[in-house]
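Read the structure below first, then the notes.
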Amino acid sequence: MALRVALCGNPNVGKTSLFNALTGMRQYVANWAGVTVEVKEGIRNWQGVKIDFVDLPGTYSLSSFSMDEKIAREYLLYKTPDILLVIVDALSMRQGLYLFLEAAELDTKTILVVNAVDEARKQGIHIDRQELAKHTGVPVVLTSAVTGEGIDDLLDTILRISSSDKKKLQFIFDEEVEKMIKALESEFISRPSLQSFPARWLAIKYLEGDPQTVALIGQTQVVAGSLREKIAEGRYKHIDLILKEVLKTSGEVMTMSDALDHVLTHKYIGIPIFLTLMYMTFTFAFQTIQPICDGIEALFTFLSDLARRSIANNTISSLIADGIISGVGSILVFVPNIFALFLILGIMEESGYLPRAAFVVDRIMYRLKLSGRSFMSFLLGFGCTVPAIMSTRGISDQRERTITVLSVPFISCSARLPVYLLIASVFFEKEKGMVVFSVYLLSVIVALMSAVLLNKILFKGEPSFLVLELPRYRMPKVKNLLLYVWYRGKHFLMKAGTIIFLASVILWILSYFPASGDPTKSFASEIGRALSVLLKPLGFDWRLSTALIFGTAAKEVIVSTLSMLFGFGKVESLGSTLTSFYDPVTVLSFLVFAMAYIPCFATLGSISSEIGKRYLIISVIYSLAVAYLLALLVRLLGGWLV
Amino acid sequence: MSLSEVPVGLSAKVKSIPDSLVGSRLISLGFIPGTYVKVVRDAPLGDPRVYLVMDKLITLRNDDAVQIEVVLDNDLVILSSAQEGTYTIVELFGGVGFQRKMHRMDLQKGKTVQIIGPMTVKTQRGVFKLGFGIASRILLRRV
Ligand SMILES: Nc1nc2c(ncn2[C@@H]2O[C@H](COP(=O)(O)OP(=O)(O)OP(=O)(O)O)[C@@H](O)[C@H]2O)c(=O)[nH]1
Ligand SMILES: [Mg+2]
């Protein structure tokens, strides 16, 4: 039997970083509270013992208010591990020890891990390990997930206490509180339905007024929540006594965080700075990086020419040159853009700026009956919609969460970037950066308006409660950034090798046959024509319609389709062919449609698993309607202006 | 007074927390009666604000912070909630324009003033009835 060891602690203290250091895994780490939203397991063999580590979402206390906190709490209560590691941040130990005192009542073997000691040392804070162990009654290990300090020590300690006897841990409150706890405890022990829980823990939670516990127990002779403040006060008094013995600070160190915050979250320039940063992000991802993309494009043109010239059989050479190389290649051209975008998102997440951006715009979100917290999920949506939807688990209000999940797909994810870039560079050569930036801005506006609309139709709630923790700024580590970019970008490359490759081959077949190479008489044109009846008012012909159909698999496929339908036999002239077919207004309305319509398969999957199957259908219909209306609007406005 | 009225830069001691779900949430974040909370800064448009609580930075909206009752230390009080009596001005929270406007009424750091009614202040220049917006930006100490 493997030894099961769970990591719990406040949000953003470095649980996942430690978990990665302990198991050699690469789970998602970032510098904001609420990154981990599900239970993750990993195995490590240490001195012949198999240890099964479990990483949990962060939680401020064991009373849970949002879904991720609930997951952590349920795990500890219903799947109590053999050993519990309570991770506390060396720079804010008070909050961490509060959770420790709560967890101690769970009646499990516990180790107290003080993480980020590297940062504490830099700030001139010394932590007395022996003293801390003496006062808490459990083994204490000081670690740094960044330098690797203390990891082996932690593994040794785990093995040591796994073979020793369990010690009863208990924090004794003052007399009045203890009397009530004892009274409730004896009542709970006699109830069979409560047998599986630690009775003392339940009694304390009941007196604290924890909603789940109160729901479980119902009313008793004592009023639920009546000692809420006494219990918290008692714990903090105790913690302050411990910390007085344990912490040695050598003078005040002026921190970088304050100075940075003064500028980045400034009263007046905070919002302009945010917008400037966003604009710089996009120009970096679309323009600075462009020469690399051009190089890749040249390479693929060369390859498809080579294939055409060197393969005698016309059908096969067309499959390779027009189907595979131009289908997959037309997307791979955009890999540098996508990696660049992830690089910047990575910097935002690692530095600690992300929640500050949410803070800066919260007032605006409040008007829309949302909170800055959902704005954070929106920002993450620039990368990929799926993790952005996952991150909504940290939103404590169910109504706000549903609305955010349904609106996040409107935010332009990186997969839509190739579509924008292709169209913008063909039609709006000079204002390319501006056009793409505008589509991004539009996607944010649409997402926000969608939230307002959904608020109106689905729910008539009040804005939810907002708490954001602003983590201290951290210098992003180059290694972490590269890993972040690689793991996010890899997904895109894998898609190119699987879905997009497959779609390209199918598309080629559909557009090559039966007229052997004339797409206007192909199967694809039949399909497109059928749909273009509906899309006629938007000005989309069968080619654009076909592209949209295939784009539901993954939005990048729109680009492959276009390059195939227009590019048979001639990769390099896609641009000039496109301009001769469509006017800028049609193209713009196509761009807008492509931005908003049906989320990709992966997104639909996560919508359904996060908030229910029902919403999957709602999302499809809803996004189609929005896309159609927006595109029509662009067409009408454009027709009127031009 | 409530936490939302405490000017940026000051600390206050938590007196009570609302008896609700939000209250429990606040307690779990460290807003415990008896502990100190420092107002660190406010967002553009004044809402939400950042608080230093239990050595970490937490943002709260004013609509939520208004539910947290706090007291200032050492006889400190904001003019908007000052009782009648004699006070000295400890701090004026505002930009140059605000300072100048206050100067005209002889409201300056270190000056002694009298409060003779709700938000009504008597200085050497005369008696002034202040609006809430202004009164909540003047910090006094009882003498
Ligand atoms: N300097 C330093 N930074 C650390 C250490 N441990 C973690 N970090 C950084 O702290 C941030 C948060 O780390 P995570 O491992 O994601 O924290 P978590 O506790 O899993 O966070 P949640 O899943 O949101 O609860 C990241 O930016 C890490 O790079 C450490 O020991 N030293
Ligand atoms: Mg984590």
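Annotation: the antiparallel percentage among DSSP beta bridges lying fully within chain A is about 35. Counting only lysines at least 8 places from residue A:70 when in the same chain, those with an alpha carbon closer than 20 Å to its own are A:15, A:40, A:79, A:205.
Net charge dipole, segment B:3-72: roughly 220 debye, given to the nearest 20, about the Cα centre with Cβ charges of +1 for Lys and Arg and -1 for Asp and Glu. Can you pull out the trypsin sites (Lys or Arg not before Pro) in segment B:27-110 that DSSP calls coil and that have at most 10 other Cβ atoms within 10 Å? Loop-located and lightly packed - none at all. Using only side-chain charges placed at the Cβ, +1 for Lys and Arg and -1 for Asp and Glu, the dipole size of segment A:39-166 relative to its Cα centre rounds to 60 debye. Computed packing ranks the peptides A:285-296, A:8-19, A:215-226 as A:8-19, A:285-296, A:215-226, most packed first, by mean other Cβ atoms within 10 Å. Given R0 = 45 Å, the distance between the Cβ atoms of residue A:134 and residue B:69 translates into a calculated FRET efficiency of 0.75. Residues whose amide H comes within less than 5 Å of that of residue A:13, counting only those at least five positions distant or on another chain, are absent (H built at 1.01 Å from N in the peptide plane). Of the trypsin sites (Lys or Arg not before Pro) found in segment A:141-202, those that fall in a DSSP loop while having at most 14 other beta-carbon atoms within 10 Å are A:166, A:167, A:168. Taking the Cα centre of each part, how many Å lie between segment A:296-324 and segment A:539-558? Between the Cα centres of segment A:296-324 and segment A:539-558 lies a distance of 23 Å.
The loop-placed trypsin sites (Lys or Arg not before Pro) in segment A:61-152, going by DSSP, that have at most 13 neighbouring Cβ atoms within 10 Å of their Cβ come out as A:79.
Centre-to-centre, using Cα atoms only, segment A:185-260 and segment B:1-69 are separated by 20 Å. The Cβ shell under 15 Å around residue A:393 holds other residues with a net charge of -2, Lys and Arg each +1, Asp and Glu each -1.
Here each label is just a point 7 Å from Cα along the line to Cβ, and for residue B:19 and residue B:108 those points are 5.0 nm apart.
Peptide A:215-228 has a mean of 1 when you count, residue by residue, the C-beta atoms of other protein chains within 10 Å of its C-beta. With the cut-off at 1.5 for a/c, could you classify segment A:3-163 from its C-alpha gyration tensor as rounded, prolate or oblate? Here segment A:3-163 falls in the rounded category. Residues of chain A were split at every exposed loop site, defined as GluC sites (Glu not before Pro) in a DSSP loop with at most 11 other C-beta atoms within 10 angstrom, and the longest piece left, sites excluded, is A:1-251. Considering only A:476, A:578, A:211, and ranking their Cα positions along the charge dipole of the protein assembly as shown that arises from unit charges at the beta-carbon of Lys, Arg, Asp and Glu, the one farthest toward the positive end is A:578. Phi angles across segment A:436-447 convert, under the Karplus curve 6.51 cos²θ - 1.76 cosθ + 1.60 with θ = phi - 60°, into 3J(HN,Hα) values of 5, 4, 5, 4, 4, 4, 4, 5, 5, 4, 4, 4 Hz, Gly and Pro given as x. Name the aspartates and glutamates eligible as straight-distance cross-link partners of residue A:456: C-alpha to C-alpha under 18 Å, and not fewer than 8 places from it in the same chain. Partners found: A:397, A:400. Dipole orientation for the protein assembly as shown: of the candidates A:8, A:419, A:537, A:537 has the Cα lying most toward the positive pole (charges on Cβ; Lys, Arg +1; Asp, Glu -1). For chain A, adding -39500 (n - 2.57) for each run of n ≥ 4 DSSP H residues and dividing by the number of residues yields -19000 deg cm²/dmol at 222 nm.
Relative contact order, whole percent, for segment A:1-96 stands at 38, derived from Cα pairs under 8 Å and 6 or more residues apart.
The string of couplings for segment A:383-397 from the Karplus curve (6.51, -1.76, 1.60, θ = phi - 60°) is x, 8, 5, 4, x, 5, 5, 4, 5, 6, 4, x, 7, 7, 9 Hz, one whole number per residue in order, with x for Gly and Pro. For residue B:136, the residues 5 or more places off, or on other chains, whose built amide H falls under 5 Å of its own are B:80. Need the C-alpha centroid separation for segment A:599-619 versus segment A:361-431, integer Å. Cα centroid to Cα centroid, the span is 16 Å. Database remark: amide H of residue B:35 closer than 5 angstrom to the amide H of B:14 (H placed geometrically; neighbours at sequence offset of 5 or more, or on other chains; Pro and chain starts carry no H). Net charge within 15 Å of residue B:133 by Cβ-Cβ distance, Lys/Arg positive one each and Asp/Glu negative one each, not counting residue B:133 itself? So the environment of residue B:133 carries a net charge of 0. Bridgeable lysines around residue A:244 (alpha carbons under 17 Å apart, same-chain partners fewer than 8 residues away excluded): A:134. Rounded to 0.05, the FRET efficiency of the residue A:4 and residue A:160 pair, given R0 = 25 Å and the Cβ-Cβ distance, is 0.90.
Sort segment A:175-234 into rounded, prolate or oblate with this rule: let a ≥ b ≥ c be the square roots of the eigenvalues of the Cα gyration tensor; rounded if a/c is under 1.5, and if a/c is not under 1.5, prolate when a/b is larger than b/c, oblate otherwise. Prolate shape, in that a/c is at least 1.5 and a/b is the bigger ratio.
Note on A:260-267: average number of Cβ atoms from other chains within 10 Å of each residue's Cβ is 3. Projecting the Cα atoms of A:169, A:137, A:636 onto the charge dipole of chain A (Cβ charges, centred on the Cα centre) puts A:636 farthest toward the positive pole. Computed from Cα atoms, the angle from the helix A:151-163 axis to the main principal axis of chain A rounds to 50 degrees.
Find out how many positive minus negative residues lie around residue A:61, taking Lys and Arg as positive, Asp and Glu as negative, among other residues whose Cβ is under 13 Å from that of residue A:61. Local net charge: +2. In units of the compact-protein estimate 2.2 N^0.38 Å, the protein assembly as shown shows a Cα radius of gyration of 1.09. Remark: segment A:614-625, residue by residue, has Karplus-estimated 3J(HN,Hα) of 3, 6, 4, 5, 4, 4, 4, 5, 4, 5, 4, 4 Hz, where x stands for each Gly or Pro and the curve is 6.51 cos²θ - 1.76 cosθ + 1.60 at θ = phi - 60°. Relative to the Cα centre, the charge distribution of segment A:465-529, modelled as +1 at Lys and Arg Cβ and -1 at Asp and Glu Cβ, gives a dipole magnitude of about 540 debye.
Between helix A:499-512 and chain A there is an angle of about 20 degrees, using the helix long axis and the longest principal axis of the Cα atoms. Rounded to the nearest 10 degrees, the angle from helix A:557-567 to the longest Cα principal axis of chain A is 10 degrees.
Coordinate-derived values only; no laboratory data. Computed from a predicted structure; not experimentally measured. Note that we place each Cβ from the backbone using ideal geometry, even for glycine, and neighbour counts take in every protein chain shown.
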